Amino acid sequence: MTVHFVGAGPGAADLLTVRAVRLLETTPVVLYAGTYVDDEVLAHCRPDAELIDTQGLDLDQIVAALIDAHRRGLDAVRLASGDLSVYSALTEQTRRLDTAGVPWDLTPGVPAYAAAAATLGVELTVPEVVQTVVLTRTQARSTAMPDTEALTRIAGLRASLVLHLAITRTRTLAAELAETYGDDCPAAVVAFASRPDEVVLRGTLADIADKVEAAGLRHTALILVGTAVDRAGAHACGADSHLYDPRRVRGGDV
């Protein structure tokens, strides 16, 4: 049988994809991260589903449960927060499943950075202002970062920057980024994006750490940095997209 890796999105049950909901409604075994997936999301599961909260399990225990479902002739859903393409431990799990000969497939979810941008009401790429988005994290007690991905190198792009898994280091990171972006560069933090307890903080690299510490944020938050993060500023300095230039739309040379 098949293991279905499903992106649960940023948290809101109505931001699950249609495909994700259909899989939850029909699959007999569901493994979910209890830290991020709430009861409203799990309400999509079939009534007799075997639900396994993975927040207290290590990687090998999670994969063992997936393999056990396969050997019992049952499909399983592995619900991951956000989207599977970033910070989902997908590679480690599928590597083990391949070794065990267990088939799997992927259903993408709404990524956390997209939900955060929606909350802020911004587009992270603004014509003639910024056309690159960098999704990254930093190292504290987590897996080491490659030497080629030092934050100072990334900052040199002056791209729209989205920092995952970094909220406890906001002050250090803001000071480091300010050396390239400038103290007055717009910055925002969105915690629990799309959920009822969502928290939104807006400021600059000079003061965003003060706001994070005052709010007591410790997890499930993204830091967004760059000109595009400030809607008013982006509106003031951004150009119109070439894609919708009237001369192009009407078939003329642009």
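The values are calculated or read from the model by the stated rules, or taken from the named source; none is laboratory data. Treat the numbers as computed from the prediction; the structure is a model and nothing was measured. Glycine also receives a Cβ, built like all others from the backbone with ideal geometry; neighbour counts cover every protein chain displayed. SASA here: full protein model, heavy atoms, side chains in, ligands and nucleic acids out. Shrake-Rupley method; radii C 1.70, N 1.55, O 1.52, S 1.80 Å.
Annotations for the structure displayed:
- Packing-based order for 210-217, 18-25, using average beta carbon neighbours within 10 Å, highest first: 18-25, 210-217
- Calculated [θ] (222 nm, deg cm²/dmol) that DSSP helices of n ≥ 4 give over the chain, each run adding -39,500 (n - 2.57): -9000 deg cm²/dmol
- Mean projected area (nm²) of the alpha-carbon convex hull when the chain is viewed from all directions: 16.7 nm²
- Per-residue ³J(HN,Hα) for region 69-75, Karplus 6.51 cos²θ - 1.76 cosθ + 1.60, θ = phi - 60°, Hz, x for Gly and Pro: 4, 4, 5, 8, x, 10, 5
- Taking label positions 7 Å along the Cα-Cβ direction at both Glu40 and Arg171, the computed distance is 3.4 nm, reported to one decimal.
- With R₀ fixed at 45 Å, the C-beta to C-beta distance from Ala239 to Ala100 puts the FRET efficiency at about 0.30.
- Note on region 69-129: with charges restricted to the Cβ of Lys and Arg (+1) and Asp and Glu (-1), its dipole about the Cα centre is near 480 debye.
- Restricting region 112-164 to GluC sites (Glu not before Pro) that sit in a DSSP loop and have at most 12 other Cβ atoms within 10 Å of their own Cβ leaves Glu128.
- Accessible surface, the chain, averaged per residue in Å² (probe 1.4 Å): 52 Å²
- Stokes-Einstein D (µm²/s) once Rh is taken as the Kirkwood radius of region 35-153 over alpha-carbon pairs, at 25 °C in 0.890 mPa s: 141 µm²/s
- Segment Thr91-Asp147, length gained on full extension (0.36 nm per residue, minus Cα span): 18.1 nm
- Site pair Asp58 and Glu198 shows an inter-label distance of 3.8 nm when each label is modelled 7 Å from Cα along Cα→Cβ.
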